[in-house]
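The values are calculated or read from the model by the stated rules, or taken from the named source; none is laboratory data. It should be emphasised that the depicted structure is a prediction, and the values quoted were computed from it without experimental measurement. Methodologically, a virtual Cβ is constructed for each residue, glycine included, from the backbone with ideal geometry; neighbour enumeration extends over all protein chains shown. Accessible surface is based on the protein model in full, side chains and every heavy atom, while ligands, DNA and RNA are left aside. Shrake-Rupley method; radii C 1.70, N 1.55, O 1.52, S 1.80 Å.
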Amino acid sequence: MEKRVEKRRFQLSEFREEAEWLAAMQKQGWKFVSTDGRSYEFASCKKEEWSYQLDFKEDGAVDADYIQLFYDYGWEYVFHYGKWFYFRKKKVEGEENDVSIFSDNESKAEMCKRVMNGQFLRIIPLYLIMLAYDYFTFFTDVFRGDTFWNGLAQGIGIGLMLVVAFGFGVFIREYLKLNTMLKSFQQLEK
């Protein structure tokens, strides 16, 4: 069986795009096997139409009852990475196009809420970087007269703040996309 690795990066809010991409790869004869979040491993297979869906489980634990629940509805468990679980189901002729593991808009909205809650965990490293910046500004004050240490501390501090600014920008963009998705599901629910 031939293997193939594709490098691709999806943001938290792009789980639907990721599922569509995996389905397109299967249609080209490459079935999804695993991922580490940056690289996707595929195995050669027959060119067929399959639907892929991702579910975000907050504890990230694999348990038999959880997998069985999806299996009972015809979904094959493929892989899990972190808190993301990957499922696939072969498309059947005459079946509606919007094959989803979520049966209604309420469950789709709940999925978005779980992803949004997971998004907040990504902000913790940014907070730690801000603490490091505070340390470097203190370090600058201690070595006020020494231009080498002062310049080094200021350079590191500026670098850290750029990382934090970029990280907060990504966080806000992802949060807004997820919030828009959530609102659309909630409006369809009414």
Across the range 26-39, the tally of residues that are surrounded by 15 or more Cβ atoms within 10 Å (Cβ to Cβ) and under 19 Å from the mean Cα position of the chain (by Cα) stands at 4
Looking across the range 59-84 at residues that are open to solvent by less than 90 Å² (accessible area, probe 1.4 Å) and acidic (Asp, Glu), the single one that is modelled with the highest pLDDT is GLU76
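Looking at the range 15-46, which of its residues are over 15 Å from ARG88 (Cβ atoms) and free of Cβ contacts under 8 Å to residues at least 24 places away in the same chain?
The answer is GLU17, and nothing else.
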task = Considering every residue within the range 77-90, establish whether at least one is closer than 24 Å to ARG173 by Cβ and in contact with a helix residue (DSSP H, G or I) (Cβ under 7 Å, 6 or more places away or on another chain).
result = yes
Flagged in the range 2-21 as surrounded by 11 or more Cβ atoms within 10 Å (Cβ to Cβ) and part of a loop (DSSP other than H, G, I, E, B), in numbering order, are ARG8, PHE10, GLN11
Note on the range 162-189: residues open to solvent by 70 Å² or more (accessible area, probe 1.4 Å), touching a helix residue (DSSP H, G or I) at 6+ places or on another chain (Cβ under 9 Å) and farther than 22 Å from ARG16 by Cα are VAL163
Taking first residues from the range 156-178 that are among the acidic types (Asp, Glu) and second residues anywhere that are in a helix (DSSP H, G or I), the pairs with Cβ under 8 Å that are 6 or more apart or on different chains are GLU174/LEU12; GLU174/SER13; GLU174/GLN119
Matching residues in the range 85-112 (at pLDDT 75 or above and open to solvent by 30 Å² or more (accessible area, probe 1.4 Å)) number 5
